[in-house]
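Here's the structure we're looking at; comments come further down.
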Number of protein chains: 2
Amino acid sequence: MFQFVSNGSVTSVKGIKAAGIFCGVKKRKKDLALIVSDSLCSVAGTFTLNKVKAAPIVISKEIVKQNGKVKAVLVNSGNANACTGEEGRLDALKMQKECADKLGVKPSEVLISSTGVIGQKLPVEKIIAGLDKIIPLLSEKGGIDAANAIITTDKKIKSFAVKVQLSKGETTIGSICKGSGMIMPNMATMLAFITTDAKIDQSIIQKLLTSCVNESFNKISVDGETSTNDMVTLMANGASGVEILKGTKDYKEYESALMAVCKEMAKTIVSDGEGATKLIQVNVTNAKTQADANLVGRAISNSPLVKTALNGGDANWGRIVSAAGNSGADVIPEKISVSFNDLAVLKPNFEIVLDEKKAFKILSQPEFSVNVDLNVGKESSTWWTCDFSEEYIKINADYRT
Amino acid sequence: MFQFVSNGSVTSVKGIKAAGIFCGVKKRKKDLALIVSDSLCSVAGTFTLNKVKAAPIVISKEIVKQNGKVKAVLVNSGNANACTGEEGRLDALKMQKECADKLGVKPSEVLISSTGVIGQKLPVEKIIAGLDKIIPLLSEKGGIDAANAIITTDKKIKSFAVKVQLSKGETTIGSICKGSGMIMPNMATMLAFITTDAKIDQSIIQKLLTSCVNESFNKISVDGETSTNDMVTLMANGASGVEILKGTKDYKEYESALMAVCKEMAKTIVSDGEGATKLIQVNVTNAKTQADANLVGRAISNSPLVKTALNGGDANWGRIVSAAGNSGADVIPEKISVSFNDLAVLKPNFEIVLDEKKAFKILSQPEFSVNVDLNVGKESSTWWTCDFSEEYIKINADYRT
């Protein structure tokens with residue numbers, strides 16, 4: 001049993017403090033966030049698969065890989081510290097070390113993360129100066145400020161928490177994230193930081209996070225891009241005293257709750273995608289294999305022609321079927337059926353049952369589902385995407401200016 | 001030696017007649033084209049790889065596969081006859097047979113092709129009625145009318161011809177094509193019909209066409225989509241008496257000319273891409289393998305973030321490097337250098353030498369090149385893409401309405 005907490009965030013979790021401030025990387029808005037746990041946390045992380053990895057990604061990934069324990073995560077927005085070479089690496093290490101020193105912990109106990117413009121030198125001195133300002137502000141109510149400080153072109157802050165009832169008591173999962181452009185499977189430019197007061201052994205925490213990320217952040221698309229800076233981390237400090245043990249009913253319950261948080265974050269990221277006006281759930285069913293279900297889900301979610309049609313409320317199922325045919329999956333076009341919410345649009349053998357008016361009504365809603373039944377197997381996959389609007393172009397044509 | 005002919009088209013070629021008319025598939029504009037050769041032609045073709053293949057694709061592909069000889073190609077625009085099931089197949093066969101009967105040839109000597117909206121029944125009776133109108137209009141000057149009749153959202157007609165001087169005399173290659181949205185490697189929604197009066201044996205014509213298509217139509221991107229209806233055909237009627245024999249100098253010369261025609265068509269398709277305002281040549285050099293060079297070229301050409309940045313004249317090289325890193329190719333980010341035309345922007349080890357003003361000037365031109373030197377091998381690849389403008393969204397949000 002779990003339930004979402006209103007105004008939840010990373011600091012809804014016992015033993016977690018956070019803060020978010022403006023330190024000068026951006027022109028005006030908050031650009032530095034710090035999340036700190038009272039005690040050492042086991043940690044899991046998922047990182048971008050782009051071969052071009054930002055400096056903080058390389059450093060934080062190594063900590064997770066070495067099964068390190070961490071106490072804090074420091075995040076700046078406004079500058080990605082990506083494509084900045086050796087200088088960028090030194091800047092990242094510097095920001096990590098200064099933060100660790102000021103918190104009185106080891107550098108390897110501080111994860112770091114950056115998001116923003118690629119290829120510009122990180123103004124690391126501003127971040128270091130900011131540390132003296134942010135550390136005194138750390139508080140159990142600072143989660144929303146931290147959520148504010150990690151966003152870039154996001155229109156809304158993204159922050160959630162759930163309370164999970166387990167056999168040995170209650171534990172909480174808190175989270176903040178940022179998304180917007182360059183979102184696609186393999187976690188394009190998005191950051192998500194999850195905290196929990198459950199006790200989760202290092203041996204199982206990565207598996208837990210990976211399974212949730214696969215069904216949430218890895219199933220969303222804004223524009224088919226994957227960024228240089230994406231990361232999702234889960235820090236577990238055990239402050240609730242409730243332990244999650246492998247193979248138990250509690251484990252399953254806890255995984256469901258973590259999954260719910262991850263899906264909520266993923267959906268919020270898509271619905272706040274650059275220029276997005278609609279959140280579309282793509283349900284692919286009855287594929288031959290799981291891989292095929294994913295190929296079709298991804299192809300439809302990434303198709304500019306599908307996304308522009310949905311922007312215009314146009315029931316252009318032909319583009320959906322064409323995207324499926326292009327996906328690389330083993331599909332038999334004649335067997336495909338398509339519906340929008342509960343409204344059947346296309347039945348097998350290309351029997352068109354489209355009621356344009358009813359379809360337009362559904363496609364004009366801010367949320368709806370596109371259901372594609374491949375009818376050749378038993379595997380399914382759920383994806384989330386948004387429409388492609390003129391505003392997407394505006395935002396991205398002028399991003400750096 | 002070859003040179004482009006002014007106002008060239010399929011009918012610049014000896015023994016080729018064509019016409020283009022309005023028959024009622026579209027609301028007003030020309031929608032039916034017919035190209036007929038005086039004598040039987042050997043034929044080659046390349047067809048969409050989308051698993052969802054329009055009815056005419058299946059039929060025409062079979063003719064090419066069976067090494068058939070053809071006399072004509074009949075094309076309608078306004079309706080793709082795709083996702084139309086068995087009824088669509090019968091309609092396609094009907095349009096082929098009626099055309100053959102009226103020309104006094106076998107159905108298997110008539111290639112057919114359709115382009116337009118997917119998933120709507122082909123108004124085949126209108127096409128058949130149109131045959132009585134179009135056949136009397138067939139003429140040696142009808143190429144431009146035919147070019148007009150095959151376009152959909154294209155803003156310009158696309159029609160070219162070259163004269164090739166070979167050791168045994170002169171031969172001509174003529175062409176018409178249509179493109180616009182859904183263009184991407186593997187020949188997305190585009191049609192190209194090439195005629196030649198060279199004599200080319202059936203045993204080598206396909207190889208000749210395939211090699212040219214690979215370096216032209218398969219290296220362009222408007223929006224990363226691949227349609228259900230794409231096809232390129234080459235019909236050779238031998239009317240010039242000039243024969244192209246394998247392994248000869250003439251073969252190479254002729255191939256260069258055919259390649260030039262295909263590249264010209266491909267570039268025109270991109271520059272007339274839906275909402276395109278700029279034609280961008282992407283040169284990828286010094287990749288480890290040819291496949292890697294193509295992966296990087298395709299990734300950059302298809303990236304919405306790169307394409308929107310170029311729309312805004314924004315020298316956002318970080319997005320270019322990020323796309324390369326995401327392409328799946330074996331790249332070493334630190335070794336990449338980037339230039340726009342002759343202007344160096346990024347040197348290895350992320351040394352930024354960008355002059356924003358000079359870059360903006362280049363990126364504001366209607367044509368320029370983006371050069372990406374991977375610096376890890378010796379293979380290269382050239383692609384063509386266009387920018388992504390707000391107009392692309394407008395066109396595609398309202399396409400069917």
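For the range A:324-347, the criterion of being touching a residue at least 60 places away in the same chain (Cβ under 8 Å), surrounded by 18 or more Cβ atoms within 10 Å (Cβ to Cβ) and in contact with a Pro (Cβ under 7 Å, 6 or more places away or on another chain) is satisfied by no residue at all.
Taking the listed residues A:112, A:118, the one that is in contact with a Ser or Thr (Cβ under 9 Å, 6 or more places away or on another chain) and more than 14 Å from chain B (Cβ to nearest Cβ) is A:112, with no other qualifying.
Return a yes/no flag: does the range B:364-372 have any residue that is in contact with a Lys or Arg (Cβ under 8 Å, 6 or more places away or on another chain), more than 12 Å from chain A (Cβ to nearest Cβ) and not in a loop (DSSP other than H, G, I, E, B).
We begin by selecting, within the range B:364-372, every residue in contact with a Lys or Arg (Cβ under 8 Å, 6 or more places away or on another chain); these are B:365-368.
Subset that is more than 12 Å from chain A (Cβ to nearest Cβ): B:365-368.
Now narrow it down to the ones that are not in a loop (DSSP other than H, G, I, E, B): B:367-368.
Yes: the range B:364-372 contains one or more residues that are in contact with a Lys or Arg (Cβ under 8 Å, 6 or more places away or on another chain), more than 12 Å from chain A (Cβ to nearest Cβ) and not in a loop (DSSP other than H, G, I, E, B).
Return the residue satisfying two criteria in turn: it lies in the range A:214-234 and is over 16 Å from residue A:267 (Cα atoms) and not β-branched (Val, Ile, Thr), and of such residues it is modelled with the lowest pLDDT. Here the answer is A:225. Screening the range A:250-360 for strands (runs of 3 or more DSSP E) wholly inside it with 3 or more residues that are more than 14 Å from chain B (Cβ to nearest Cβ) and hydroxyl-bearing (Ser, Thr, Tyr) returns no ranges.
Taking the conditions exactly as written (out of contact with any Cys (no Cβ under 6 Å at 6 or more places or on another chain), within 14 Å of chain B (Cβ to nearest Cβ), buried (at least 21 other Cβ atoms within 10 Å of the Cβ) and not in a helix (DSSP H, G or I)), does residue A:233 satisfy them or not?
Working: out of contact with any Cys (no Cβ under 6 Å at 6 or more places or on another chain): yes; within 14 Å of chain B (Cβ to nearest Cβ): no; buried (at least 21 other Cβ atoms within 10 Å of the Cβ): yes; not in a helix (DSSP H, G or I): yes.
The answer is no for residue A:233.
Residue B:375 meets the conditions (1) surrounded by fewer than 24 Cβ atoms within 10 Å (Cβ to Cβ); (2) at negative phi in every case but one. The failed one is (2).
Name the single residue that is farthest from the chain's Cα centre (by Cα) among those in the range B:101-135 being small (Gly, Ala, Ser) and surrounded by 19 or more Cβ atoms within 10 Å (Cβ to Cβ). Explain how you work it out, then say what you get.
Looking only at the range B:101-135, we keep the residues that are small (Gly, Ala, Ser), and these are B:104, B:108, B:113-114, B:116, B:119, B:129-130.
Okay, now just the ones that are also surrounded by 19 or more Cβ atoms within 10 Å (Cβ to Cβ), so B:113-114, B:116, B:119, B:130.
Values: B:113: 14, B:114: 15, B:116: 16, B:119: 23, B:130: 26 Å.
Filtering the range B:101-135 for residues that are small (Gly, Ala, Ser) and surrounded by 19 or more Cβ atoms within 10 Å (Cβ to Cβ), the one farthest from the chain's Cα centre (by Cα) comes out as B:130.
Just so you know, in the range B:46-73 the residues that are modelled with pLDDT under 90 and surrounded by fewer than 18 Cβ atoms within 10 Å (Cβ to Cβ) include one that is nearest to the chain's Cα centre (by Cα), and it is B:49. The lone criterion from (1) in contact with a Phe, Trp or Tyr (Cβ under 8 Å, 6 or more places away or on another chain); (2) surrounded by 24 or more Cβ atoms within 10 Å (Cβ to Cβ) left unmet by residue A:363 is number (2). When residue A:267 is tested against (1) under 19 Å from residue A:364 (Cα atoms); (2) outside the structural domain of residue A:174 (by TED's automatic domain parsing), exactly one condition is not met: (2).
Within the range A:147-157, is there a residue that is within 14 Å of chain B (Cβ to nearest Cβ) and more than 22 Å from residue A:13 (Cβ to Cβ)? Walk me through how you get there before you give the answer.
Going through the range A:147-157, the residues within 14 Å of chain B (Cβ to nearest Cβ) turn out to be A:152-153.
Checking which are more than 22 Å from residue A:13 (Cβ to Cβ) leaves us with A:152-153.
Yes - at least one qualifying residue is present in the range A:147-157.
So which residues in the range A:191-241 are among the hydroxyl-bearing types (Ser, Thr, Tyr) and free of Cβ contacts under 8 Å to residues at least 60 places away in the same chain? Lay out the reasoning, then the answer.
Filtering the range A:191-241 down to residues among the hydroxyl-bearing types (Ser, Thr, Tyr) leaves A:195-196, A:203, A:210-211, A:216, A:221, A:226-228, A:233, A:240.
Within the range A:191-241, A:203, A:211, A:216 meet the criteria.
Taken over the range B:358-401, the residue count meeting the criterion of being modelled with pLDDT under 95 and of a type in the set (Lys, Arg) is 2. From the list B:257, B:293, the lone residue that is farther than 21 Å from residue B:333 by Cα, surrounded by 18 or more Cβ atoms within 10 Å (Cβ to Cβ) and touching a residue at least 60 places away in the same chain (Cβ under 8 Å) is B:257.
Residue A:50 meets the stated requirement of being part of a loop (DSSP other than H, G, I, E, B) and farther than 17 Å from residue A:195 by Cα.
On the basis of being over 25 Å from residue B:264 (Cβ atoms) and in contact with a helix residue (DSSP H, G or I) (Cβ under 7 Å, 6 or more places away or on another chain), does residue B:351 make the cut? So residue B:351 does not fit the description; no. Among the residues of the range A:175-211, those identified as modelled with pLDDT of 90 or more and within 11 Å of the chain's Cα centre (by Cα) are A:175, A:176, A:177, A:178, A:191, A:192, A:193, A:194.
Does the range B:197-221 hold any residues that are in a loop (DSSP other than H, G, I, E, B), of a type outside the set (Asp, Glu) and in contact with a strand residue (DSSP E or B) (Cβ under 6 Å, 6 or more places away or on another chain), and which are they? Before the answer, list the steps.
We begin by selecting, within the range B:197-221, every residue in a loop (DSSP other than H, G, I, E, B); these are B:197-198, B:201, B:215-216.
Applying the additional criterion that residues be of a type outside the set (Asp, Glu) yields B:198, B:216.
B:198 - this is the single residue of the range B:197-221 that is in a loop (DSSP other than H, G, I, E, B), of a type outside the set (Asp, Glu) and in contact with a strand residue (DSSP E or B) (Cβ under 6 Å, 6 or more places away or on another chain).
The values are calculated or read from the model by the stated rules, or taken from the named source; none is laboratory data. From a predicted model like this one, the values you see are computed outputs, not experimental measurements. Using ideal geometry, Cβ is built from the backbone for each residue, glycine included, and neighbour counts are taken over all protein chains shown.
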